[in-house]
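**Student:** First the structure, which I've put down as structure tokens, then a few questions once you've had a look.
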Amino acid sequence: MALNWLQIIVLGILQGAAGVLPLSDSGFLTVARKLMGLPLDGSADAFYEALLQLSVLLSVCLVFRREISGCARALSASRDLQRETRRLNQRLLLLIFTGAIPSLLSLLLKGRVSFIQEHLVYIAALMVLSGFVVFLGDRIGKGSRNLPETTLADGLWMGLAHGLAGIPGLGRTGLVMTVGFLRGLEPEHCFRFSFLLWIPYLAVQAISGLVGSAGSNAFHWPYLGGMAIAFGCSCFCLSALRRAVRRGNTGSFAFALWGAGVIAFVLYLIT
């Protein structure tokens, strides 16, 4: 099924924005599908969604290119890095690897929770719950531990949060950052680390989605426009989220989650 331009634009904006902000891309996409008459399970736009996830992945890699470059150089034999810089980059890479293990393993359970996406009442409840997680996470107090003080246990807990956020309706960024705040991490370091930790999961998810949903009629040229929209929205929202983290104002995203949860519940009642 080929999507029309309205569906392409709306889904592109939501994936690009809700995918990186402390919202819930799966929840917002499900509500949008209901309003636009698409199947709630995403079967009509599975290939396009995988393309959008690829766009979000590229935007995350662009925004955090310095950190990614540092990790890559730390593995090389180059001697132009100072010992302390190399040590920190190697530590960051180890932490990402540690957190990626539970998050990637959670993909094996994805099929067991996919039924949630077909029931608006579950999506509504989980979006409201995600709102409370974001709201409380902004008020529990922030730590001061930066990269040198970040432990493997921190990476493991945040990786588990990434995996748990694979349940449709839960907000990934808000949940992972809240876990980081609870672990006492400094807010901006928590922001950077949560997205660097997301890269392996997002890459595997996008590639598996493209392979699993590819077909002779899966790709349509207008999807490239939607990918550009998702990429631009994601870059803009990452910059906006960084500013919100610096101001300590991430809790305001809870109201968007609660509002979307109410809309999802109303749609459930009337249909």
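The values are calculated or read from the model by the stated rules, or taken from the named source; none is laboratory data. Source: prediction; values computed, not measured. Note that we place each Cβ from the backbone using ideal geometry, even for glycine, and neighbour counts take in every protein chain shown. To get the accessible areas, we keep the full protein, side chains included, count just its heavy atoms, and leave off ligands, DNA and RNA. Shrake-Rupley method; radii C 1.70, N 1.55, O 1.52, S 1.80 Å.
**Student:** Between Ser69, Ser59, Ser103, which gets the highest mean-square fluctuation from a Gaussian network model of the chain, Cα cutoff 10 Å?
**Tutor:** Greatest mean-square fluctuation among the candidates belongs to Ser69.
**Student:** How much length is gained on full extension from Asn249 to Ala72, taking 0.36 nm per residue of separation minus their Cα-Cα distance?
**Tutor:** 60.5 nm
**Student:** May I pose another question? Where only protein heavy atoms count, and the probe is 1.4 Å, what is the accessible area per residue for the chain in Å²?
**Tutor:** I get 46 Å² per residue for this part.
**Student:** Spin-label point model (7 Å from Cα, Cβ direction): what's the Leu94 to Cys61 distance in nm?
**Tutor:** 2.6 nm
**Student:** State, as an integer percentage, the relative contact order of segment 1-87 based on alpha-carbon contacts under 8 Å between residues 6 or more apart.
**Tutor:** So the answer I get is 24 percent.
**Student:** Same structure again: What is the diffusion coefficient of segment 221-270 in µm²/s, taking the Kirkwood radius over Cα pairs and the Stokes-Einstein relation at 20 °C with a viscosity of 1.002 mPa s?
**Tutor:** 161 µm²/s
**Student:** Angle between the Cα long axis of helix 152-164 and the longest principal axis of the chain, 0 to 90 degrees, nearest 10?
**Tutor:** In the chain, helix 152-164 runs at an angle near 0 degrees to the longest axis.
**Student:** For helix 83-105, report the angle its Cα long axis makes with the longest principal axis of the Cα atoms of the chain; keep it between 0 and 90° and round to the nearest 10°.
**Tutor:** 30 degrees
**Student:** Could you state how much accessible area Asp138 has, in square angstrom rounded to the nearest 10, with a 1.4 Å probe and all protein chains kept in place?
**Tutor:** Here the accessible area works out near 20 Å².
**Student:** Can you work out D for segment 24-106 in µm² s⁻¹ from Stokes-Einstein, where Rh is the Kirkwood radius over C-alpha pairs, the temperature is 37 °C and the viscosity is 0.692 mPa s?
**Tutor:** 208 µm²/s
**Student:** Sticking with this structure for a sec: Where does the chain land at 222 nm, in deg cm²/dmol rounded to the nearest 500, when only DSSP H runs of n ≥ 4 count, each adding -39500 (n - 2.57), divided by all residues?
**Tutor:** -24000 deg cm²/dmol
**Student:** Okay, moving on. Would you check the accessible area of Ser252, probe 1.4 Å, heavy atoms only, in square angstrom rounded to 10?
**Tutor:** About 50 Å², rounded to the nearest 10.
**Student:** With Kirkwood's inverse mean 1/r over C-alpha pairs for Rh, give me the Rg to Rh ratio of segment 41-170, two decimals please.
**Tutor:** That ratio is 1.04, to two decimals.
**Student:** Please provide three numbers in whole Å: the alpha-carbon extents of segment 118-177 along the principal axes, with the largest listed first.
**Tutor:** Per principal axis, max minus min of the Cα coordinates gives 43, 23, 12 Å.
**Student:** Can you give me the % of accessible surface on the chain that is carbon or sulfur? Probe 1.4 Å, all protein chains present, nothing else counted.
**Tutor:** Summing carbon and sulfur atoms, their accessible area is 67 percent of the total for the chain.
**Student:** Next question. For the chain, with the dipole built from +1 on Lys and Arg beta-carbon atoms and -1 on Asp and Glu ones, taken about the Cα centre, which of Leu54, Phe191, Leu92 lies farthest toward the positive end?
**Tutor:** Leu92
**Student:** Sticking with this one: Which whole-number percent gives the relative contact order of the chain, counting Cα pairs below 8 Å spaced six or more residues apart?
**Tutor:** So the answer I get is 37 percent.
**Student:** Another question, if that's okay. Residues of segment 93-134 with the amide nitrogen closer than 13 Å to a label point 7 Å from the Cα of Tyr268, along Cα-to-Cβ, please.
**Tutor:** 116-130
**Student:** Another one. If the viscosity is 1.002 mPa s and the temperature 20 °C, what Stokes-Einstein diffusion coefficient in µm²/s follows for the chain when Rh is the Kirkwood radius over Cα pairs?
**Tutor:** 114 µm²/s
**Student:** Please find the FRET efficiency linking Ala153 to Trp221, where r is the Cβ-Cβ separation and R0 is fixed at 35 Å, and quote it to the nearest 0.05.
**Tutor:** 0.15
**Student:** Once the whole set of protein chains is in place, how much accessible area is left on Leu120, using a 1.4 Å probe, in Å² to the nearest 10?
**Tutor:** Approximately 10 Å² for this residue.
**Student:** With axes computed from alpha carbons, what is the tilt in degrees of helix 187-213 against the longest principal axis of the chain, rounded to the nearest 10 within 0 to 90?
**Tutor:** Here the helix axis deviates by roughly 50 degrees.
**Student:** Moving on. How many times 2.2 N^0.38 Å is the alpha carbon radius of gyration of segment 168-226?
**Tutor:** Dividing the Cα Rg of segment 168-226 by 2.2 N^0.38 Å gives 1.56.
**Student:** For segment 23-126, which trypsin sites (Lys or Arg not before Pro) are in a loop by DSSP, counting at most 15 other Cβ atoms within 10 Å?
**Tutor:** Arg79
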